[in-house]
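Undergrad: What follows is a single structure, and I will ask about it in a moment.
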Amino acid sequence: MKKIITMLMLILSTLSFAAKKLYVGTNAEFKPHEYLENNKMVGFDIELIRAIGKRINKDVELKNIAFDALIPALNTRDIDVAASGMTITKARSEKVLFSSPYYENALAVVYKDGTTVNSLDDLKGKKIAAQLGTTGADLAHKIEGTAVKEFDHSNEALLELQNGGVDATVIDLPVAQYYSTKHPDQHIKFMAYPNTKEYLGLAMNKDNKALQEQINKAIADMKADGEFNTLYKKWFNVDAPADMPVVLDFK
């Protein structure tokens, strides 16, 4: 009997420990939101989800996986949350739940100095690189006559541009800004892709409304007590937008 009781206590203890874990998937290739530094995952999204974890009393365990594998991993419950600069879209909202938006984003066209890109019309018939499964790839395919090369990581798409394999890369604006700042020797230019305001959100399994409510409350509390703005300013050197929506309605 003592052995049975001991085993039951061990099982309950294990389940209790597991319940305190928050398994978070990310694709650490999106500076400054999430990236590897000395083999450690860092970035705005990483610090945000860790802060949320503290507020909902869960230990965050990070998993670095391919961006296009994040939603499948949520659906199979291999992860609880995707914190990876994921744009909230109608199509994705049909597959997963999203938190309140935490970042206002836009897309950009990146190209080398000497390439003529004065408007999007100049991209017609060009070779364009983009990251697989992103809104940048979706838009690149919509440009007339383009040949689109898709890569698992944004840095691979930028490397293809650097090596002359494409004429331009369509990628998230903060990535373009960061890349051009860190690589002045490559003579990179970029232009904001017009009318592409987007919002990033944390994604969860469609059935996990309880976790969505916990995370949304944590984000709201962080905004109310100033922690969110402090974190935002640390990574982007500006105050967080005061008018970010709480919910995006695609109806």
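Undergrad: Which angle from 0 to 90°, rounded to the nearest 10, does the C-alpha axis of helix 173-182 make with the longest principal axis of the chain?
TA: Orientation of helix 173-182: about 70 degrees from the principal axis.
Undergrad: Using only the alpha-carbon atoms, what does region 32-106 span along each of its principal axes? Please give whole angstrom values in decreasing order.
TA: 35, 29, 26
Undergrad: At 7 Å along the Cα-to-beta-carbon direction for both residue 38 and residue 227, put a label point, then send me their distance in nm to one decimal.
TA: Here the answer is 2.5 nm between the modelled labels.
Undergrad: Rounded to the nearest 0.05, what FRET efficiency is calculated for residue 144 and residue 21 with R0 set to 35 Å and r the Cβ-Cβ distance?
TA: After rounding, the FRET efficiency stands at 0.15.
Undergrad: Let me ask something else about it. Taking all protein chains in place and a 1.4 Å probe, what share, in percent, of the accessible surface of region 103-251 do carbon and sulfur account for?
TA: The value for region 103-251 is 48 percent carbon and sulfur by accessible area.
Undergrad: Could you point to the label whose value was computed as Cα Rg over 2.2 N^0.38 Å for the structure here, given (1) 1.33; (2) 1.12; (3) 0.99?
TA: (2)
Undergrad: Between residue 246 and residue 186, what FRET efficiency comes out of the Förster formula 1/(1 + (r/R0)^6) with R0 = 41 Å and r the beta carbon distance, rounded to 0.05?
TA: 0.55
Undergrad: Helix 44-55: angle to the longest alpha-carbon principal axis of the chain, degrees 0 to 90, nearest 10?
TA: Roughly 20 degrees between the two axes.
Undergrad: Taking amide H positions as placed in the peptide plane 1.01 Å from N, state which residues far from residue 149 in sequence (5 or more) or on other chains have amide H under 5 Å from it.
TA: It is 128, 129, 130, by chain and number.
Undergrad: Lysines within cross-link reach of residue 189: Cα-Cα under 28 Å, excluding same-chain residues under 8 positions apart?
TA: 31, 112, 124, 126, 127, 142, 149, 197, 233, 234
Undergrad: Moving on. Given labels modelled 7 Å from the Cα in the Cβ direction, how far is it in nm from residue 59 to residue 152?
TA: About 2.9 nm separates the two model spin labels.
Undergrad: Note down the relative contact order for the chain as a percent, whole number, built from C-alpha pairs under 8 angstrom at least six residues apart.
TA: With pairs under 8 Å counted, the relative contact order is 25 percent.
Undergrad: Ignoring everything except DSSP H segments at least 4 long, calculate the 222 nm mean residue ellipticity for the chain; use -39,500 (n - 2.57) per segment, divide by total residues, nearest 500.
TA: My calculation for the chain gives -11000 deg cm²/dmol from helical runs alone.
Undergrad: Work out how much length residue 209 to residue 116 would gain on full extension: take 0.36 nm times their residue separation and subtract the Cα-Cα distance, in nm to one decimal. All intermediate terms of the calculation are to be shown ahead of the outcome.
TA: Values: separation 93, 0.36 × 93 = 33.48 nm, distance 4.80 nm.
Fully extending the segment from residue 209 to residue 116 adds 28.7 nm.
Undergrad: Still on this structure, I have one more. Roughly how far apart, in whole Å, are the Cα centres of region 36-110 and region 161-175?
TA: Centre-to-centre (Cα) distance: 23 Å.
Undergrad: Which whole-number value in Å² is the accessible area per residue of the chain, probe 1.4 Å?
TA: 53 Å²
The values are calculated or read from the model by the stated rules, or taken from the named source; none is laboratory data. On a predicted model such as this, the values are computed, not experimentally measured, just so you know. With ideal geometry, Cβ positions are generated from the backbone for all residues, glycine too; neighbour counts draw on all protein chains shown. Just the protein is used for accessible areas: all its heavy atoms, side chains included, with ligands, DNA and RNA removed. Shrake-Rupley method; radii C 1.70, N 1.55, O 1.52, S 1.80 Å.
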